[in-house]
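Remarks on the structure that follows.
The values are calculated or read from the model by the stated rules, or taken from the named source; none is laboratory data. Computed from a predicted structure; not experimentally measured. Please note: Cβ atoms are built from the backbone with ideal geometry, for glycine as well, and neighbour counts cover all protein chains shown. In case anyone asks, the SASA skips ligands and DNA or RNA and just uses the protein heavy atoms, side chains included. Shrake-Rupley method; radii C 1.70, N 1.55, O 1.52, S 1.80 Å.
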Amino acid sequence: YATLPFGEVVAQGAMICVLAPIAMGAVVIGGMLGAKVETMVAYSLLCNIAVAIFAPIILSVYGNGTCSVGEILGRVAPMLIMPFVLAQLCRFFTPKVSGWVAAHGQISFYIWLLSLIVIIGRTTCFIIDHSEADRLTELLLALVALVICAMQFIVGRTIGHKYGDASAGGQSLGQKNTVMAVWMAQSFLDPLSSIAPTAYIVWQNLVNSYQLYRFGNRKEDKTNK
């Protein structure tokens, strides 16, 4: 509603940037920033399940009215529930494999980097393919995504700081599953609104890069001292 004066498409883009659940990559980055991984994994499960329940209601009211819980769960389960179940089975039946994965946790960072390359590539193609879109609307969607991204990271870190884990709070609230957000926008809202979560991909990873740079510098300073 706050962004509705800029147009319905911009408002839909803003809404989807907030509605999108936490990205699984947030756990990877959070762990590298010293966050409690257990806290973030628990939040990831709860957040994605909550979005699967409430997103169809919101998207039905403000979108085309065709969204269902089954469709959202169909996107959430392969990315979240199945890997979690497989990880637990691995812990019980192949503890050596599980131990090796736990000892080489940095691998997840490089997997995340590869997925990021694919996402940014798809993002670029999407913007190029929509050359007929109004440039002002596109710029407003990108700007709204930037403001929301900054706000969510700041609010998340503030809440996390209160409970002794600012990094977990920031990543949990700020780093979004933008692939799912783009899909929801294109499927149930005005397709043009998906430019907002598309731009959010760039903004959140600029924030992540800066945080990793700062964290690395602080670690280096402590080592030198």
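Roughly speaking, what is the centre-to-centre gap between region 162-225 and region 64-139 when only Cα atoms are used, to the nearest Å? Value for the Cα centre distance between the two parts: 14 Å. With coordinates expressed along the principal axes, the C-alpha atoms belonging to the chain extend over 51, 44, 35 Å, beginning with the largest. Net length available on complete extension from F126 to V155 is 7.4 nm, with 0.36 nm assigned per residue and the Cα-Cα distance removed. Once the Kirkwood radius over Cα pairs is known for region 97-199, the Stokes-Einstein relation at 20 °C and 1.002 mPa s delivers a diffusion coefficient of 136 µm²/s. In sequence order, region 22-36 has phi-based couplings of 4, 7, 5, x, 5, 5, 4, 5, x, x, 5, 8, x, 6, 7 Hz under the Karplus curve 6.51 cos²θ - 1.76 cosθ + 1.60, θ = phi - 60°, and Gly or Pro positions carry x.
Couplings for region 44-55, taken from phi via the Karplus curve 6.51 cos²θ - 1.76 cosθ + 1.60 with θ = phi - 60°, read 4, 4, 5, 5, 5, 5, 5, 5, 4, 7, 8, 4 Hz in order; Gly and Pro are left as x. Rolling a 1.4 angstrom probe over the protein heavy atoms with all chains in place gives the chain an accessible area of 56 Å² per residue. The Kirkwood hydrodynamic radius of region 141-225, based on inverse pair distances between different Cα atoms, is 13.9 Å.
Legend: residues H104, H161, sorted from most to least accessible area (1.4 Å probe; ligands, DNA and RNA excluded), read H161, H104. Database remark: amide H of K176 closer than 5 angstrom to the amide H of A23 (H placed geometrically; neighbours at sequence offset of 5 or more, or on other chains; Pro and chain starts carry no H).
Can you figure out the FRET efficiency of V118 with Q88, using R₀ = 25 Å and their beta-carbon distance, to the nearest 0.05? The formula returns an efficiency of 0.35 here.
Remark: region 175-186, residue by residue, has Karplus-estimated 3J(HN,Hα) of 8, 9, 6, 6, 4, 5, 4, 5, 4, 5, 5, 6 Hz, where x stands for each Gly or Pro and the curve is 6.51 cos²θ - 1.76 cosθ + 1.60 at θ = phi - 60°.
Among 173-179, 49-55, 28-34, 112-118, the peptide with the highest mean count of other Cβ atoms within 10 Å heads the list, and the full ranking is 173-179, 28-34, 49-55, 112-118. Applying a DSSP loop filter and a limit of 15 other Cβ atoms within 10 Å to the chymotrypsin sites (Phe, Trp or Tyr not before Pro) in region 120-224 leaves Y163.
Set the Förster distance to 25 Å, then compute FRET efficiency between E8 and L206 from the Cβ-Cβ distance, nearest 0.05. In this case the efficiency is close to 0.35.
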